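Encoded as C-alpha cells, the structure appears first; notes follow it.
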Amino acid sequence: MTNAAPIAIIGTGIAGLSAAEALHAAGYPVQLFDKSRGSGGRMASKRSDAGALDLGAQYFTARDRRFAATVAQWQARGWVEPWTPNLYQYANGVLSPSADEQVRWVGNPRMSAITRAMLGALPVKFSCRITEVFRGEQHWHLLDAEGESHGPFAQVIIATPAPQASALLATAPKLAGTVAGVTMEPTWAVALAFAEPLQTPLEGCFVQDEVLDWTARNRSKPGRDASPDTWVLHASSSWSRQHLDLAKEQVVERLHGAFAEMIGCAVPAPVFSLAHRWLYARPSGAHQLGALADADLGLYVCGDWCLSGRVEGAWLSGQEAARKLIAHNQ
Ligand code: FAD
Ligand code: NAI
C-alpha cells in the first residue's frame, strides 16, 4: 500500500537505510534525515590527509541467513569485499598469531561505500539534527535544531543510538521507557600514519589490555591506498569511559604508547594522527528487541542496540522496523 505522505526516517546509518530500502521496495515513499554531512553513522569513513579512514566499524560478519544473502548481493555489485588480515591477539602482555576461518567483510574501497550505495537517489536532508517529533491531527511533523519544521509524514522511524532516540520520544512514553533502559558505551578511535611501513606482518589484532581493544592496518583492506602506512586504534570501553574528556592530543599520545608497547616492532613518530570520540559506540549489554513499535501511533525505533550491537544487528533491526510498519498498514 502506498501512503500519500512519506515516512520520515531519522538516521542514515545502516539501520535507517535498511528500513528505507525495504520500504522503498514495497512502494512506500520515504524522506531521510541525518545530523551529519553524509550517510553511514558509525559505518562512515573520514576523509583525511592520510586518505579515507574507517574510524568506526572495522569489518562485519554475516551469521544471519537473510543478512548473508544481502551481503552476497552487495559483493556482486562490488560494494563489499572479504578482508583476510593476518590476525593476531594480544593478551597478558603476549602478542601471538590468531588465524581463524571467520569470513569478515569490509566496504570497498571504504566502509562508507555501503551506505552511500544503499542511499542511492532516496530523498535525504543532511546537516539536519531533528530535535522534536510531534503529531498533528493526522500526521507527524519534525522540528530541527534550526527551528525549521518538516512534514507532514504518515509515520516516523527513529534509527539513532538509544540515547539520541530517547530525546525524540516525548510523544510515546512507553517506547521512551524501554529505550531509556538501554545504555551505550563510548570508544575513542585514533588513526596514525607512518611515512615508512612498520616492519610487522600484523594486519589486525584483538587486544586485551588496559588501554586498547583493537588495531588494524588500513592498507591490508581491499581497495585502500598502500601509502602512507595507516593504522586505526580503538580504545577499550572502560578506558574510553574513564577518559571521555581527555584532550585529543593526549588520547593520541596514550594510544600511540599502548600500540608501540604491544606491536613488537619499532614505531616512529607518526606523520599524521587524529582522534575521534564515539560517544555512543556500542550498547552496554545484548538485547533482543528487534525493533520497537507503537504501530497505532505510527512511531518505530530501530538500531544496532535493539539486537547485537553490530552491523548485522543494525541491518536486521531496520528490516524489522520496516516489516512491522508494512504489516500494520496491510
Ligand atoms: P548509527 O550508525 O549510529 O546511525 C545513526 C545515525 O543517526 C547517524 O548517522 C547519526 O548522525 C544520526 N542521528 C542521530 N541523532 C540524530 C538526530 N537527532 N537527527 C538526525 N540524525 C541523527 N560493528 C561490527 O559489526 N563490526 C565492527 O568491527 C565494529 N566496530 C566498531 C567500532 C567502533 C569504534 C564503533 C563506534 C562501532 C563499531 N561497530 C562494529 C558497530 C557498528 O558500527 C554499529 O553497530 C552500526 O554501524 C550501527 O548502525 P545504526 O544505523 O544502528 O546507528
Ligand atoms: P568476530 O567474530 O571477528 O569477533 C567477535 C569477538 O571474538 C572479538 O571481539 C574477539 O574478542 C573474538 N575473536 C574473534 N576472532 C578472534 C581471533 N581470531 N583471535 C582472538 N579473538 C578473536 O566479529 P563479530 O562477532 O562480528 O564482532 C564484531 C567486532 O566489532 C567485535 O570485535 C566487537 O568488539 C567490535 N565492535 C566494536 C565496537 C566499538 O565500539 N569498539 C562496537 C561494536 C562492535
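Answer yes or no: is there a residue in the stretch 161-174 that is surrounded by fewer than 21 Cβ atoms within 10 Å (Cβ to Cβ) and over 21 Å from residue 16 (Cα atoms).
Taking the stretch 161-174 as the starting set, the residues that turn out to be surrounded by fewer than 21 Cβ atoms within 10 Å (Cβ to Cβ) are 163-164, 166-167, 170-171, 173-174.
With the extra rule that they be over 21 Å from residue 16 (Cα atoms), the set shrinks to 173-174.
Among the residues of the stretch 161-174, at least one is surrounded by fewer than 21 Cβ atoms within 10 Å (Cβ to Cβ) and over 21 Å from residue 16 (Cα atoms), which makes the answer yes.
Against the conditions (1) part of a helix (DSSP H, G or I); (2) open to solvent by less than 60 Å² (accessible area, probe 1.4 Å), where does residue 324 fall short? Just the number, please.
In the conditions (1) part of a helix (DSSP H, G or I); (2) open to solvent by less than 60 Å² (accessible area, probe 1.4 Å), residue 324 misses (2) alone.
Quick test of your reading of the structure: residue 27 fulfils all but one of (1) in contact (Cβ under 8 Å) with a residue 60 or more places away in the chain; (2) over 16 Å from the mean Cα position of the chain (by Cα); (3) part of a loop (DSSP other than H, G, I, E, B). Name the failing condition by number.
Tallying (1) in contact (Cβ under 8 Å) with a residue 60 or more places away in the chain; (2) over 16 Å from the mean Cα position of the chain (by Cα); (3) part of a loop (DSSP other than H, G, I, E, B), residue 27 fails exactly one: (1).
Residue by residue, here is whether (1) surrounded by fewer than 21 Cβ atoms within 10 Å (Cβ to Cβ); (2) not in a loop (DSSP other than H, G, I, E, B) holds:
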{"site": "216", "(1), (2)": "no, yes"}
{"site": "224", "(1), (2)": "yes, no"}
{"site": "245", "(1), (2)": "yes, no"}
{"site": "260", "(1), (2)": "yes, yes"}
{"site": "265", "(1), (2)": "yes, no"}
{"site": "274", "(1), (2)": "yes, yes"}
{"site": "279", "(1), (2)": "yes, yes"}
{"site": "286", "(1), (2)": "yes, no"}
{"site": "296", "(1), (2)": "yes, no"}
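Which residue is surrounded by the most Cβ atoms within 10 Å (Cβ to Cβ), if the candidates are limited to the stretch 310-320 and must be part of a helix (DSSP H, G or I) and within 11 Å of ligand 1 (Cβ to nearest atom)?
318
Condition first: modelled with pLDDT of 95 or more, away from ligand 2 (no atom under 12 Å from the Cβ) and surrounded by fewer than 21 Cβ atoms within 10 Å (Cβ to Cβ). Now tell me which residues in the stretch 49-65 satisfy that.
Listed by number, the list holds a single entry, 65.
If you go through the stretch 75-91 one residue at a time, do you hit one that is of a type in the set (A, V, I, L, M, F, W, C), assigned to a loop (DSSP other than H, G, I, E, B) and either within 12 Å of ligand 2 (Cβ to nearest atom) or touching a residue at least 24 places away in the same chain (Cβ under 8 Å) (or both)?
Scanning the stretch 75-91 turns up at least one residue that is of a type in the set (A, V, I, L, M, F, W, C), assigned to a loop (DSSP other than H, G, I, E, B) and either within 12 Å of ligand 2 (Cβ to nearest atom) or touching a residue at least 24 places away in the same chain (Cβ under 8 Å) (or both).
Is the stretch 31-42 home to any residue that is within 9 Å of ligand 1 (Cβ to nearest atom), out of contact with any strand residue (DSSP E or B) (no Cβ under 9 Å at 6 or more places or on another chain) and open to solvent by 30 Å² or more (accessible area, probe 1.4 Å)?
Yes, because at least one residue in the stretch 31-42 is within 9 Å of ligand 1 (Cβ to nearest atom), out of contact with any strand residue (DSSP E or B) (no Cβ under 9 Å at 6 or more places or on another chain) and open to solvent by 30 Å² or more (accessible area, probe 1.4 Å).
List the number of the failed condition for residue 133; all other conditions in (1) of a type in the set (A, V, I, L, M); (2) touching a residue at least 60 places away in the same chain (Cβ under 8 Å); (3) assigned to a loop (DSSP other than H, G, I, E, B) hold.
If we test residue 133 against (1) of a type in the set (A, V, I, L, M); (2) touching a residue at least 60 places away in the same chain (Cβ under 8 Å); (3) assigned to a loop (DSSP other than H, G, I, E, B), just (3) comes out false.
In this structure, is residue 122 assigned to a loop (DSSP other than H, G, I, E, B), of a type outside the set (Lys, Arg) and at pLDDT 95 or above?
Judged against the criteria, residue 122 is a match.
When you go through (1) in contact with a helix residue (DSSP H, G or I) (Cβ under 9 Å, 6 or more places away or on another chain); (2) closer than 28 Å to residue 228 by Cα; (3) away from ligand 2 (no atom under 16 Å from the Cβ) one by one for residue 36, which number turns out not to apply?
(1)
Out of the residues in the stretch 175-210 that are among the aliphatic types (A, V, I, L, M) and within 13 Å of ligand 2 (Cβ to nearest atom), which is most open to solvent (accessible area, probe 1.4 Å)?
184
The values are calculated or read from the model by the stated rules, or taken from the named source; none is laboratory data. Here the structure is a predicted model, which means the values were calculated and not measured. FYI the Cβ positions are ideal-geometry reconstructions off the backbone, even for glycines, and counts take in every protein chain you see. For the accessible areas, the whole protein counts, side chains as well, though only heavy atoms, and no ligand, DNA or RNA atoms are used. Shrake-Rupley method; radii C 1.70, N 1.55, O 1.52, S 1.80 Å.
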